[in-house]
1. Which of A:Lys375/A:Lys576; A:Lys225/A:Lys576; A:Lys59/A:Lys590; A:Lys59/A:Lys443; B:Lys33/B:Lys110 have a Cα-Cα distance over 18 Å?
2. Taking θ = phi - 60°, what integer Hz values does the Karplus form 6.51 cos²θ - 1.76 cosθ + 1.60 yield along the range B:261-275, in sequence order, with x for Gly and Pro?
3. At what distance in nm do the modelled label points of B:Asn82 and A:His587 sit from each other, each positioned 7 Å from its Cα along Cα→Cβ?
4. Which of the residues in the range B:54-69 show a loss of at least 20 Å² in accessible area from their chain by itself to the complete set of protein chains, at a probe of 1.4 Å?
5. When the accessible area of each residue in the range B:92-125 is compared between its chain alone and the complete protein assembly (1.4 Å probe; ligands, DNA and RNA ignored), which residues differ by at least 50 Å², being lower in the assembly?
6. Students often check this: by mean Cβ neighbours within 10 Å, which of A:80-91, A:358-369 ranks highest, and how do the rest follow?
7. Within 10 Å of each Cβ in A:395-405, how many Cβ atoms from other chains are there, averaged over the peptide?
8. With a point put 7 Å past each Cα toward its Cβ, work out how far B:Lys72 is from B:Ala126 in nm, to one decimal.
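The values are calculated or read from the model by the stated rules, or taken from the named source; none is laboratory data. Computed from a prediction, not measured in an experiment: that's the story for all the values here. Because the Cβ atoms are built from the backbone with ideal geometry, glycine has one as well, and the counts that use them run over all protein chains shown. Accessible surface areas use protein heavy atoms only, side chains included; no ligands, DNA or RNA. Shrake-Rupley method; radii C 1.70, N 1.55, O 1.52, S 1.80 Å.
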Amino acid sequence: MFQNLIDFLLNDFFITGDPLILGAQVSIGLSMVAVVFALTYFKKWRWLWTEWLTTVDHKRIGIMYIIASILMLFRGGVDALLMRVQLAVPQVEFLHADHYNAIFTTHGVIMILFMAMPLMFGLFNIVVPLQIGARDVAYPFLNSLSFWMFFFGAMLFNVSFVIGGSPDAGWLAYPPLSELSGSPGLGQDFYIWGIQISGIGSLATGINFVVTILKMRAPGMKLMKMPMFVWSVLSSCITIMFAFPILTVTLFLLFIDRYFGAHFFTLDGGGNPMMYINLIWMWGHPEVYIVILPAFGIFSEIVSAFSKKKLFGYKSMVFALMSISFFSFFTWAHHFFTMGSGANVNAFFAVTTMLIAIPTGVKVFNWLFTMFRGKLTFPTPMLWTIAFIPCFVVGGMTGVMLSVAPADFQFHNSYFLIAHFHQVLIGGVVFGYFAGLYYWWPKMFGFKLHEGLGKWAFWLWNIGFYVCFMPQYALGLMGMTRRFNEYNFDMGWQPLNVVSTVGAFIMGLAFLFQVWQIAHSIKFYKKEPTGDSWDGRTLEWSIPSPAPLYNFARVPVVDSEDAWWEEKQRLANGGKPKPLAPLEPIHMPKNSAIPFLISVSFFVMGFGFVWDWKWMIIPGAIGVAICMLARSFSYDTDYYIPVDEIERTEAALGGTK
Amino acid sequence: MRRYIRVLTPLLIMLMAVLLSGCGEQYLVLDPKGPIGESQKDLIYITTILCLVIVVPVLILTGYIVWRYRDKKGNNAPYQPNWNHSTKLEIIWWSIPIVIIAILAIVTAKYTYELEPSKPIASAKAPITIEVTSLDWKWLFTYPEEGISTVNYLQIPEGTPIQFRLTSDTAMNSFWIPQLGGQIYTMSGMAMTLYLQADEIGNYYGSGANFTGEHFAQMTFNVKTTSEDDYKAWVQEVKTTAPALTQEGFEKLTEPSVETVQSFSSFPEGLFQKVVMQYIGEGGSAHHHGGSTAAEEDTNMDHDMDMSDTDMKDMDGMDMNHDQETSTNQHSH
């Protein structure tokens with residue numbers, strides 16, 4: 001009996017026999033022990049539980065999203081470096097084919113779903129309520145639930161690489177390869193459940209922010225007076241609301257195929273794998289716009305703040321955002337022009353894809369003309385923004401080239417495609433979120449990140465990026481196909497692959513510089529003297545950093561697009577401060593353990609489904625049900641902060657505002 | 001700092017231009033040896049130039065604006081903090097991309113119809129049919145007219161259109177010979193058509209471009225293009241010296257493995273059709289299409305026929321029309 005258990009653990013449960021994975025297992029084990037020890041030693045368990053795990057405060061949830069996404073960036077980045085090493089020395093079997101396939105699969109899933117998405121949600125959480133003058137999001141409880149669903153979904157996905165086996169059918173898991181016939185292992189089940197659980201969180205976040213933006217704006221903030229970042233979040237969240245249900249349904253059908261033996265996407269029994277490819281891209285293409293649109297919003301904020309000038313072409317910008325989000329639903333088939341759908345279909349999707357270049361191009365012009373006749377300064381957020389423009393313009397250009405259907409027959413699945421989407425995703429999304437992170441960091445923590453180290457990181461990232469990905473365009477034209485784990489030396493691909501690998505390691509070094517930058521800035525903590533670190537334009541800069549629990553002691557009244565900037569201008573021109581309204585008790589949501597517990601239950605249930613252990617599925621499902629019932633019958637969910645407490649807090653923060 | 005970016009950006013663009021324009025033999029896509037690849041290369045150049053028309057000025061403008069309006073002592077560039085709208089300017093930069101994209105869309109649509117993979121190549125010579133089956137992890141090529149078959153190796157005569165008929169035994173792959181022209185997916189239960197032609201004698205690299213599992217990187221093959229006489233001699237040689245591919249032999253090939261180059265003097269009758277039809281009728285009998293024989297299906301499988309799914313009657317009708325449309329307007333090269 002005991003022997004059987006040991007055998008099971010060593011043969012099936014834990015992945016054994018690979019020194020790289022063993023190293024990871026040992027380091028994961030050690031760091032878990034270290035965390036538990038530290039929490040116990042410093043008596044921080046209660047603090048962790050009451051201040052963080054059960055919090056419904058959007059600012060703290062935002063910080064947790066960002067921490068999780070940086071950890072995932074590390075994991076996805078290590079995956080990338082391992083791949084690059086293998087491709088630089090294809091003659092050596094650094095990674096076995098199976099391991100290589102698992103790594104490019106997890107790299108893709110993690111970077112899009114567990115790095116870009118949470119980093120984006122983190123910034124939504126931190127910034128949106130502050131920019132619209134709200135005290136929290138519309139549904140704080142749901143917000144906490146979204147985070148924990150994402151977190152435990154991501155954990156379920158990540159655990160597969162030490163327990164049970166990683167998925168290895170590509171990041172979008174095309175059937176029939178991802179069906180039982182092609183992937184009999186557990187990796188694909190971890191994939192389905194990890195993404196399903198976190199997907200529910202993403203959908204809920206989308207709904208939450210749409211409602212927040214539509215219903216919670218400060219008085220006077222008409223839709224056309226919202227900061228551009230808020231517009232970008234709105235367009236992105238509307239896209240989430242329409243796209244994510246498709247993902248959930250698609251993966252659910254795949255789950256039914258694998259678990260109950262249905263035939264939606266199987267080879268036999270009337271299944272049609274091509275249907276899956278259509279469905280997954282109906283989500284997948286909007287998904288890339290979901291992550292890029294908020295980056296556009298961030299650039300709009302930053303370019304205006306550091307040009308000391310109003311954003312140019314506000315209406316055009318809004319129209320461009322909304323039309324990109326609309327057209328994103330009509331381009332999915334450009335991911336498989338080579339499926340042979342015929343000239344009519346291909347021509348249609350080629351043209352819809354190109355159409356997106358128009359509003360995107362207009363946005364670039366508007367950013368440029370925001371800088372035109374401005375006064376430009378170049379702290380790190382602005383550096384990332386300026387680096388973004390040429391990078392994204394070139395990446396967008398190769399995107400248009402790919403959209404030309406007959407030419408795509410030659411680009412498809414080659415390194416040209418890889419270079420393109422990394423250029424828009426790194427040059428657009430990652431640069432954008434970094435810019436946002438540097439910009440709003442003082443608002444989150446009350447201190448700025450060290451500029452010198454930040455510039456080092458910036459230059460290393462940029463140089464590394466071009467060294468890594470420019471050669472990949474060339475490799476694509478040389479006929480190199482994506483997902484090859486080895487190739488023949490005679491193809492002449494090796495020199496450029498070596499260059500590309502060097503570039504990847506430069507980006508790895510840049511990441512280390514950022515970690516150093518954060519550590520350094522914490523060590524030499526220097527409190528920001530005011531809440532307005534960058535001489536900002538929007539409402540978040542009108543309150544102290546970090547913002548108090550209730551954000552605004554008095555709800556601001558807005559009458560222009562750059563409300564805080566206009567107010568500062570008015571006062572500088574000798575205007576009188578507005579009379580302060582008397583403080584009123586502030587209505588706030590209470591913390592709740594239910595989001596955490598319900599997500600743990602989902603994790604247990606998902607883990608049970610992966611292994612098909614009914615004894616684990618049932619308690620997990622019961623846990624979910626109990627949590628839902630408990631929430632339905634709990635009426636004590638809110639409280640008021642009394643006026644004297646607000647006065648004390650405000651006095652301590654040193655502001656009377 | 002600004003200086004670096006100003007120098008760096010054009011340098012990188014130039015580097016890219018050099019890489020892209022490098023017409024070295026290694027740039028397979030830009031060194032085509034057949035009419036389809038040639039047209040696709042032209043199209044790549046046309047679209048690149050059209051894009052550069054707008055991208056280059058934007059990059060220059062970016063560099064200029066960033067340098068001109070930097071906040072530095074002695075920089076007396078105008079500063080207009082409240083200037084945020086100009087209808088005239090906005091009309092200009094809405095219309096420039098619209099015009100470029102309109103031109104691009106017209107070019108693309110034209111080429112999309114012209115280069116539709118299933119459209120025959122106009123030629124005095126009758127096309128040779130080669131059936132392509134992607135297996136885990138090797139390619140099986142059957143020559144129905146010659147009655148021979150090969151694994152991971154293609155030989156074709158120069159200057160003759162080749163009609164590839166493609167399917168997959170399991171997972172979806174993609175059949176790609178960069179120097180002859182673009183790729184197309186091989187999908188189980190469907191028979192795709194792709195016309196290619198090689199105009200020069202030589203050896204061309206071919207690969208499976210869509211991931212199909214563990215050893216998919218091993219699915220590369222050589223396309224040897226010879227004179228017509230050499231081709232005939234090779235067919236003759238295979239017929240006389242190579243072993244036969246039996247049904248058993250084929251089933252062995254369908255098992256996951258990596259294979260070297262092989263030739264066979266014959267193959268089981270109707271093998272390709274059987275592979276295409278193999279999943280139909282098992283559990284999908286509800287979708288069967290009354291009475292049509294394998295031969296009939298064959299004529300209708302030119303496009304994206306999904307035999308296992310949907311109503312065959314409708315699909316037949318649609319695709320027949322489509323066939324007529326495309327076959328009347330041949331390639332003009």
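1. Over 18 Å apart, Cα to Cα: A:Lys375/A:Lys576; A:Lys225/A:Lys576; B:Lys33/B:Lys110.
2. 5, 9, 10, 9, 6, 7, 8, x, 3, x, 4, 4, 4, 5, 4
3. A separation of 3.8 nm, rounded to one decimal place.
4. When all protein chains are present, B:Val55, B:Val58, B:Leu59, B:Leu61, B:Thr62, B:Ile65, B:Val66, B:Tyr69 each give up 20 Å² or more of accessible surface.
5. B:Trp93, B:Trp94, B:Ile101, B:Thr108, B:Thr112, B:Tyr113
6. Put in order of decreasing packing, that is A:358-369, A:80-91.
7. 6
8. The two pseudo-label positions are separated by 7.5 nm.
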